[in-house]
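Data first, discussion second: the structure below is written as structure tokens.
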Amino acid sequence: MKLLTYEAQGLHKMGIQTEKGIVDVQATAEKTGVTNVETDIMSVIAGGEQATNQLSKLLKQAEETETTVYVDSENLVWGPSVTKPHKIICVGLNYRKHADETNAPYPEVPILFNKFDNTLTGHNSEIPVPKVTEKLDYEVELAIVIGKKAKYVSEADALDYVFGYSTANDLSARDLQMRTPQWMLGKIGDKFSPMGPYLVTADEVDNPNNLNLKTTVNGEVKQNSNTSDMIFNCSEIVSYISQYLTLEPGDIILTGTPEGVVLGLPEDQQRYIQPGDVITCEIEKLGALTNYYVEEK
């Protein structure tokens, strides 16, 4: 199932992408007379398989009774695919070729840092290039979204705690990131974590450790790799983090970026993100996330 959020009257509403269009879940439930279905993305994540089964039944019943309500997709204002995570945990230097291009040794354990919910935004949104940086970089990343409380989980069981996956861009202000040994300052700018367009349930993804992912800047391919190049795979990441804190439904884990970032280029070839740029991050099975970069006012 491909879930999504969109903005309406100042709120995030939930939709489902189907072959016929984007279904307005709340309006469809009301028109169909169904009351036992979750209509908020965070409630669906927390409800897990039971919640998605209810949504599947709603779609089927609405189709049979011709009561499906579709969203006007042309005027849709997309929201982030997860709206209110407790935590956003990121993994640094997690692709072999990315470590190679930045002349960094392969980490022996996952390098973790955090972002906050001010960084979240959706597909097709405008992102201001902050005045405080001259080196804003792109990073296509597979986002893991946790579906059940996880503490001390084994690698063998780790993916059982995953609700789904999304495409993300871990925007990074390199000059701020490298100012100190702590990377946080370069990672926490407003709208620095666009996610979407969809939150795709784990059953549709199957193996997250073998997905093609790429970034295009103004139509030119800059990153083109596969999650199989990860140093620590998705099971290892979830298990490792769960040893140190409790992961909760809706928590987001950004799993690192492959080679092709601006930072990895020779200095005379580095062109960082500028106002006017259009950047698309795309991951197999998860969809393409496009954002438009503008001057900060």
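Here are the numbers for this structure:
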quantity	calculated
Failed item in (1) among the charged types (D, E, K, R); (2) assigned to a loop (DSSP other than H, G, I, E, B); (3) outside the structural domain of I231 (by TED's automatic domain parsing), with K57 passing the rest	(2)
Total residues in segment 147-171, condition under 15 Å from the mean Cα position of the chain (by Cα) and not in a loop (DSSP other than H, G, I, E, B)	8
One residue from E220, E236, E248, E259 being among the acidic types (D, E) and more than 24 Å from I111 (Cα to Cα)	E220
Residues located in segment 282-297, provided they are under 30 Å from A202 (Cα atoms), in a strand (DSSP E or B) and not aromatic (F, W, Y)	E282, I283, G287, A288, L289, T290, N291
Scan of segment 127-146 for residues that are of a type in the set (D, E, K, R) and not in a strand (DSSP E or B), ordered by number	K131, E134, K135, E139
Residue within segment 28-36 that is among the basic types (K, R) and crowded, with 17+ Cβ neighbours inside 10 Å present	no
Options T35, T52: the member that is among the hydroxyl-bearing types (S, T, Y) and either assigned to a helix (DSSP H, G or I) or under 18 Å from P197 (Cβ atoms) (or both)	T52
Qualifying residues in segment 242-276 (those that are in contact (Cβ under 8 Å) with a residue 12 or more places away in the chain and of a type in the set (D, E)) - the one surrounded by the most Cβ atoms within 10 Å (Cβ to Cβ)	D251
Verdict on I279 being in a loop (DSSP other than H, G, I, E, B), crowded, with 17+ Cβ neighbours inside 10 Å and among the aliphatic types (A, V, I, L, M)	no
So N124, is it part of a loop (DSSP other than H, G, I, E, B) and surrounded by fewer than 23 Cβ atoms within 10 Å (Cβ to Cβ)	yes
From the options K13, K115, residue that is buried (at least 20 other Cβ atoms within 10 Å of the Cβ) and either among the aromatic types (F, W, Y) or modelled with pLDDT of 95 or more (or both)	K115
Pair list, Cβ < 6 Å and 6+ apart or interchain, from segment 7-25 residues that are in contact (Cβ under 8 Å) with a residue 12 or more places away in the chain to residues that are assigned to a helix (DSSP H, G or I) and hydroxyl-bearing (S, T, Y)	I22/S73
Residues satisfying the stated conditions in segment 205-264, i.e. over 23 Å from K187 (Cα atoms), in a loop (DSSP other than H, G, I, E, B) and of a type in the set (A, V, I, L, M)	L211
Single unsatisfied condition, N103 versus (1) crowded, with 16+ Cβ neighbours inside 10 Å; (2) part of a loop (DSSP other than H, G, I, E, B)	(1)
Residues (surrounded by 13 or more Cβ atoms within 10 Å (Cβ to Cβ) and more than 26 Å from D117 (Cβ to Cβ)) located in segment 70-84	Y70
Checking T67 against (1) in a helix (DSSP H, G or I); (2) surrounded by fewer than 20 Cβ atoms within 10 Å (Cβ to Cβ); (3) free of Cβ contacts under 8 Å to residues at least 60 places away in the same chain, the condition it does not meet	(1)
Selection count where residues are crowded, with 19+ Cβ neighbours inside 10 Å, part of a helix (DSSP H, G or I) and of a type outside the set (S, T, N, Q), scope segment 175-201	2
Odd one out for D170 among (1) surrounded by fewer than 20 Cβ atoms within 10 Å (Cβ to Cβ); (2) in contact (Cβ under 8 Å) with a residue 40 or more places away in the chain; (3) closer than 21 Å to Y106 by Cα	(1)
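The values are calculated or read from the model by the stated rules, or taken from the named source; none is laboratory data. Just so you know, these numbers come straight off a predicted model, no measurement behind them. Note that each Cβ is placed from the backbone with ideal geometry, even for glycine, and that neighbours are counted across all protein chains shown.
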